[in-house]
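Working notes for the structure below.
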Amino acid sequence: MTEYLSVFNAKYPDIEVNIVRESTGIITAKLLAEKDNPQADLVWGTAASSMMVLDDLGMLEPYAPAGVDRILPEFKSDKPIPTWVGIDAWETAFIVNTVELEKLGLKTSDIKSYEDLLKPELKGHIVMSNPNSSGTGFLTVSGLLQMKGKDTEGGWEYLDKLHENIDQYVHSGSKPAKMAAAGETVVGGGHESAYPRHQRSCAPAVRGGGEARQEARGAARKSDGDGMIEAREAEKMSDKIR
């Protein structure tokens, strides 16, 4: 983000940029609350599912960035001039602190799937993103429900059992990985992009490959997108950055 801003500020020194960075649920709720009096001009890197909600409410302005024709249809809105465009695709995953795991009498080969997270030895040793405020947490729950059969009770039964092993639910999608890397928990479940950073960090407990990162059956995938809030006083700025 710093690199983007430095380039933007150099090109448009007369525009003051104020950034609000939050989890998906918080940002989406804030934008919806401000619907009739928008305070934001741009939405940057928010879940495509949230972008579709904003779009359905007429809150996004059509805008076709350069190269949008090369973006696959499933990664942008279906309007003739897209109202949001995807910028990435990622998945949920969990990370295991191998040193802390061994203290529980388990080996890395014992934790290969989401089913393995139900092992009684892991009770109180799992941290997960909160699905009430974190888009990552919501996606994790959604993926598990779909894996078990979204029209059955199997998914909810699994989540009830998993809940018994959860130590805490955190606001952030990346914090569980940080906590696992620091040895504050044994298993951290959340945003997969956070994990490679910690595999390369100074935490010796976190190692690459199958020992640290698990993308087993049940991992869910999604895209984030960018869009412009329907123009208000910032219309002049929108014209500039086009």
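The values are calculated or read from the model by the stated rules, or taken from the named source; none is laboratory data. Quick caveat, the model's predicted, so the values are computed rather than measured. Ideal geometry is used to build each Cβ from the backbone, glycine not excepted, and the neighbour counts take in all protein chains shown.
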Kindly establish whether Ile95 is at pLDDT below 95, assigned to a strand (DSSP E or B) and surrounded by 19 or more Cβ atoms within 10 Å (Cβ to Cβ). yes
Scan Gly155, Gly105 and give me the residue that is part of a helix (DSSP H, G or I), at pLDDT 85 or above and not assigned by TED's automatic domain parsing to the domain that holds Gly227. Gly155
Within region 99-123, can you find the residues that are surrounded by 19 or more Cβ atoms within 10 Å (Cβ to Cβ) and in contact (Cβ under 8 Å) with a residue 40 or more places away in the chain? Leu101, Ile111, Tyr114, Leu117, Leu122
Do we have Asn130 as in contact with a helix residue (DSSP H, G or I) (Cβ under 6 Å, 6 or more places away or on another chain), at pLDDT 90 or above and closer than 23 Å to Ser50 by Cα here? yes
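Checking the conditions here, which among Leu122, Leu118 is at pLDDT 90 or above, within 17 Å of Asp160 (Cβ to Cβ) and touching a strand residue (DSSP E or B) at 6+ places or on another chain (Cβ under 9 Å)? Working first, answer last.
Details: Leu118 fails: touching a strand residue (DSSP E or B) at 6+ places or on another chain (Cβ under 9 Å).
On inspection, the qualifying residue turns out to be Leu122.
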